[in-house]
1. Among the numbered conditions (1) touching a helix residue (DSSP H, G or I) at 6+ places or on another chain (Cβ under 9 Å); (2) within 16 Å of ligand 1 (Cβ to nearest atom), tell me where residue 36 comes up short.
2. Within segment 247-332, considering only helices (runs of 4 or more DSSP H) that don't extend past its boundaries, which have at least 1 residues that are open to solvent by less than 10 Å² (accessible area, probe 1.4 Å) and closer than 21 Å to residue 371 by Cβ?
3. Quick one: is residue 195 modelled with pLDDT of 95 or more, in a loop (DSSP other than H, G, I, E, B) and under 22 Å from the mean Cα position of the chain (by Cα)?
4. Which of the residues spanning segment 334-364 are within 25 Å of the chain's Cα centre (by Cα) and either within 30 Å of residue 223 (Cβ to Cβ) or open to solvent by 80 Å² or more (accessible area, probe 1.4 Å) (or both)?
5. For segment 136-191, how many residues meet the condition of being outside any loop (DSSP other than H, G, I, E, B), within 15 Å of ligand 2 (Cβ to nearest atom) and either surrounded by 18 or more Cβ atoms within 10 Å (Cβ to Cβ) or of a type in the set (A, V, I, L, M, F, W, C) (or both)?
6. With the structure loaded, tell me whether residue 217 is outside any helix (DSSP H, G or I) and either more than 20 Å from residue 401 (Cα to Cα) or of a type in the set (Lys, Arg) (or both) or whether it fails that test.
7. For segment 103-135, what are the residues that are without any contact (Cβ under 8 Å) to a residue 40 or more places away in the chain and open to solvent by less than 30 Å² (accessible area, probe 1.4 Å)?
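The values are calculated or read from the model by the stated rules, or taken from the named source; none is laboratory data. Computed from a prediction, not measured in an experiment: that's the story for all the values here. Here the Cβ positions follow ideal geometry from the backbone for every residue, glycine too, while neighbour counts run over all protein chains shown. Accessible surface areas use protein heavy atoms only, side chains included; no ligands, DNA or RNA. Shrake-Rupley method; radii C 1.70, N 1.55, O 1.52, S 1.80 Å.
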Amino acid sequence: MPRYHLTTFGCQMNEHDSERMAGMLQSLGYSASASQEDADLILFNTCSIRETADTRFVAHLGHARRIKRERPSVIVGVGGCWAQSVKDEVFAQFPFVDVAFGPGQVHRLAEFLTSESLTAQGFFEFEGFTGDLPASRSRPFQSWMQISVGCNCRCSYCIVPSTRGREVSRPFADLIAEAQTLAADGVREITLLGQNVNSYGRDLRPQPHAFSDLLRAIDAVEGIDRIRYTSPHPKDMREDVIRAHAELPAVCEHIHLPLQSGSTAILRAMRRTYDQARFLDRVRLIREHVPDCAITTDIIVGFPGETEADFDQTLEVVNEVAFDGAFTFVFSPRRGTQAAELTDGLVPHEVKVERMERLVYAVQRHAAERAGRFVGRTLEVLVEGPSRTDPLRLRGRSRHNKVVNFIGAAAPGALVPVEITGATSQTLTGEMSLLALAADPLAL
Ligand code: 5AD
Ligand code: SF4
């Protein structure tokens with residue numbers, strides 16, 4: 001039996017795509033190998049969102065080259081966003097790569113592996129949803145669901161529109177059928193994935209659909225207890241989507257709403273198509289309909305032209321919203337993007353670092369304060385397995401997407417009530433309530 005080793009970089013969409021790659025390889029008779037040294041196929045699913053993603057990956061690729069030098073029969077394959085973004089140079093720069101493919105051509109890997117061809121090949125035109133390929137899920141009770149691919153936004157810093165192409169939604173009926181199959185297979189939590197999830201369905205013909213219709217239809221699937229999605233765009237965060245969180249029992253009390261900057265001038269330069277007031281208005285609407293909702297975000301510091309006053313605006317929004325958590329990034333110029341061409345107002349490295357420190361401090365302070373509201377409450381936790389830091393405890397997630405480490409006994413996949421006794425900016429701690437047995441037969 002041939003063996004593959006797959007390394008995944010990047011976002012949840014890449015994790016999803018990797019599960020599909022693994023599923024496809026298993027259907028071709030491949031089995032997973034624990035190390036690259038033992039593999040017949042060394043595969044990478046790559047990311048190119050920031051420069052650090054590129055450098056990290058190229059170091060891994062160097063290791064694959066050394067293995068290939070010792071064992072020339074090994075096949076080296078590179079898929080995903082980095083591969084797509086260097087499609088014209090990949091074979092010239094990395095001649096030991098045998099096959100390269102973008103995020104929309106994963107199925108071509110199978111074609112390559114089953115053909116007699118000995119020459120290197122690249123596949124880069126969008127041809128199909130990875131979501132249509134067989135999956136090999138890492139957890140039986142949780143699943144990704146790819147609802148669309150690509151992105152029609154033109155955010156000036158972002159490489160994704162060029163790596164994942166124009167937005168295409170998967171048919172509504174296919175998604176409902178997939179949710180039903182997943183539920184029948186024991187899945188309780190589904191995370192809907194798209195580059196811009198809440199613009200889902202507008203391109204469908206003859207019948208366009210709204211994202212909130214999709215939430216409603218999946219909520220109605222018996223056995224699906226939790227629905228999450230990532231990432232929405234603030235411009236498409238309409239009231240119907242927010243109301244879905246309040247009205248549909250399965251839709252979790254967590255929204256990841258990428259801010260990027262609190263300054264209207266910088267948002268314009270980023271081509272985000274909303275301003276500070278509109279973002280704050282979306283937050284107000286969320287709090288009005290779903291008062292307990294966790295709100296997390298992404299923020300970029302040091303975008304070209306960002307002045308001290310612009311950065312203050314970001315801090316102001318952070319302080320006003322009091323996010324439950326935030327991913328913070330230093331601006332990284334990406335090949336082919338508009339922002340990479342900007343030469344005015346470049347922010348010096350030490351200023352970026354100093355702003356980042358202030359931002360992280362503010363973010364963590366609010367995250368810790370927000371997490372504190374859970375202490376003394378009993379939260380429903382979906383058990384994932386033993387805690388990573390203390391094997392005597394269990395680890396799971398609340399509906400607010402908080403990691404909870406707790407004392408108790410329950411099988412992975414159980415939904416159990418946990419009394420929260422402690423909170424930090426990152427995690428909650430607690431004890432499983434004795435009501436657990438009554439709540440879910442999977443407990444214990
Ligand atoms: N530089 C820094 N951060 C970026 N992101 C996207 N592109 C860049 C870039 N060029 C961040 C955004 C996005 C998250 C996934 O990565 O905040 O929401
Ligand atoms: Fe990386 Fe973005 Fe591609 Fe995800 S979509 S793998 S974050 S470049």
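1. The single condition residue 36 does not satisfy is (2).
2. 276-289, 308-321
3. Judged against the criteria, residue 195 is a match.
4. 335, 336, 338, 357, 361, 364 - these are the residues of segment 334-364 that are within 25 Å of the chain's Cα centre (by Cα) and either within 30 Å of residue 223 (Cβ to Cβ) or open to solvent by 80 Å² or more (accessible area, probe 1.4 Å) (or both).
5. Residues that pass the stated criteria total 10.
6. no
7. The answer is 105, 112, 123, 128.
Here is a yes/no grid of residues against (1) within 16 Å of ligand 2 (Cβ to nearest atom); (2) over 17 Å from residue 79 (Cα atoms); (3) assigned by TED's automatic domain parsing to the domain that holds residue 340; (4) of a type in the set (Val, Ile, Thr):
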{"residue": "18", "(1), (2), (3), (4)": "yes, no, no, no"}
{"residue": "21", "(1), (2), (3), (4)": "yes, no, no, no"}
{"residue": "35", "(1), (2), (3), (4)": "no, yes, no, no"}
{"residue": "38", "(1), (2), (3), (4)": "no, yes, no, no"}
{"residue": "41", "(1), (2), (3), (4)": "no, no, no, no"}
{"residue": "45", "(1), (2), (3), (4)": "yes, no, no, no"}
{"residue": "48", "(1), (2), (3), (4)": "yes, no, no, no"}
{"residue": "55", "(1), (2), (3), (4)": "yes, no, no, yes"}
{"residue": "68", "(1), (2), (3), (4)": "no, yes, no, no"}
